[in-house]
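What follows draws every value from the coordinates through simple rules; no lab data is involved. Model, not experiment: these values are computed from the prediction. Counting neighbours? That spans all protein chains shown, and the Cβs are built from the backbone with ideal geometry, glycine included.
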Protein chains: 2
Amino acid sequence: MRPNLPEKTVERLSQYRRALLNYQFLDHAWIYSHNLARILKTNAANVRRDLMLIGVSGDVHKGYDISMLIEKISEAIDGTFTENVCFVGIGELGRTVSEYFASTDSKLKVAAHFYFDEHIPARSEVPSYPIAKISEVIKQEDILIAVLAVPREFAREISLLLVNAGIMGILNFSSVHLQVPKHIYVENYDMITKLEKIAYFMKRPGKK
Amino acid sequence: MRPNLPEKTVERLSQYRRALLNYQFLDHAWIYSHNLARILKTNAANVRRDLMLIGVSGDVHKGYDISMLIEKISEAIDGTFTENVCFVGIGELGRTVSEYFASTDSKLKVAAHFYFDEHIPARSEVPSYPIAKISEVIKQEDILIAVLAVPREFAREISLLLVNAGIMGILNFSSVHLQVPKHIYVENYDMITKLEKIAYFMKRPGKK
């Protein structure tokens, strides 16, 4: 059974695991919380607190056993079944993510990519379908999570299509507030705001 | 001159402006902080504090003059010059963002899209170039901001190409920690972690 973890802890556990996977093939490898903290740019106390929440405490002298830690994190944050994900209109970026999931024995799998244009992403292992097939494919492939990256004017309409087809979680890149039922878990990412933030904070060469 | 604002304030000001732009063509339109707060799902005190930081306070009876507010936010967070942005490997999503900037008299402009495959995005107004042309085009078009959305194995190499060509701000979607000089402003987005978070928190129909 999965513990009831805070959102930020789940995010950090996901990041710890990703960092640890780079070391998994070392024999009997151990890592100290302060080293893990350094990789993730946080502090050791945070790392220890997060790991306490999933019932893992380190050895005072050796730190944490890396393969045990990967296993415990997976038990804590992964579901029992493989979870299918689809991308709606994102291209290259979707391919990157699906390759990562495929290469790491992840419980997430990118099962479909829906596209607007006639341009099917090249070299992709993920089956691609035109947007018109959303409802059919999502039901057929038992997909619960969608990454929504479509132009603003289509975002609301397509989000309703997704929800009606059975999607329960949406990663929303459309910069539009989606009106979906409360039981749908939506995580928003607002690229426009992030770009305006970068433009504000970056240094400019030779300009005032 | 732009005030020295906290990161979160800049993000929220960008979001306030985006919401207000929907109302800009009303004559003499005013908005209360609690209404603006409701649109952005925050509270009125936060809105008033953010606006105080850019020297704007509302009328007790009428709230804020919408067109004045848009103008003041733009003065506070926009630069003097148009800032060019490029996308490296993102497809559809880049088009969405570039259309928004083009349609709203923004100080940001998507000036180039670099692609890996032979698939040039259809219907795009943004000039597209193969990855090999990064250095040349960035210098030529005076681009300072890049959205980096390439497969993990290319991320570090391409980020160095970008920096050497003069990029000062990077929105990094590659889920890889970039090693760039300190004066480069990097904003990271980790899609893999967000998907693992959604899989953890979403409700599952009929599964335990």
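Under 5 Å from the amide H of B:Tyr129 lie the amide H atoms of B:His113, B:Phe114, B:Tyr115, each residue being 5 or more positions distant or on a separate chain, with H modelled from the backbone and absent for Pro and chain starts. Here B:Gln140 yields copy-to-copy label distances, from shortest upward, of 4.4 nm, the label point defined as 7 Å from Cα along Cα to C-beta. When only C-alpha pairs under 8 Å and at least 6 residues apart count, what is the relative contact order of chain A, in percent? In percent, rounded to a whole number, it is 14. A Stokes-Einstein calculation at 37 °C with viscosity 0.692 mPa s, built on the Kirkwood radius of chain A over Cα pairs, returns a diffusion coefficient of 170 µm²/s. Taking the alpha carbon gyration tensor of the protein assembly as shown, multiplying each eigenvalue by 5 and rooting it gives semi-axes of 34, 26, 25 Å, largest first.
The residue among A:Leu21, A:Thr9, A:Val97 whose Cα reaches farthest toward the positive pole of the charge dipole of chain A, with charges on the beta-carbon of Lys, Arg, Asp and Glu, is A:Thr9.
Between the amide H of B:Val85 and those of B:Lys109, B:Val110, B:Ala111, B:Ala112, distances stay under 5 Å, these residues lying 5 or more places away or on another chain, with hydrogens modeled in the peptide plane. Listed from fewest to most Cβ neighbours within 10 Å, the set A:Ile39, B:Ile77 follows the order A:Ile39, B:Ile77.
For the pair the stretch B:1-71 / the stretch A:139-208, the C-alpha centres are spaced 23 Å from each other. Relative to the globular-protein estimate of 2.2 N^0.38 Å, the Cα radius of gyration of the stretch A:43-94 stands at 1.62. Please list, by residue number, every one of the GluC sites (Glu not before Pro) in the stretch B:94-193 that is coil in DSSP and has at most 15 other beta-carbon atoms within 10 Å. Hits after loop and neighbour filter: B:Glu118, B:Glu125, B:Glu141. Relative to the other identical copies, B:Leu26 shows label-point distances of 6.0 nm, where the label point lies 7 Å from Cα along the Cβ direction and values run shortest first.
For chain B, DSSP calls about 10 percent of its internal beta bridges antiparallel. The stretch A:1-55: which trypsin sites (Lys or Arg not before Pro) are DSSP loop and have at most 11 other beta-carbon atoms within 10 angstrom? Here the sparse-neighbourhood loop sites are A:Lys41. Among beta bridges from DSSP that stay inside the protein assembly as shown, the antiparallel ones total about 10%. Checking the Cα-Cα distances for A:Lys197/B:Lys109; A:Lys197/B:Lys194; B:Lys139/B:Lys182 against a 18 Å cut-off, the pairs over it are A:Lys197/B:Lys194; B:Lys139/B:Lys182.
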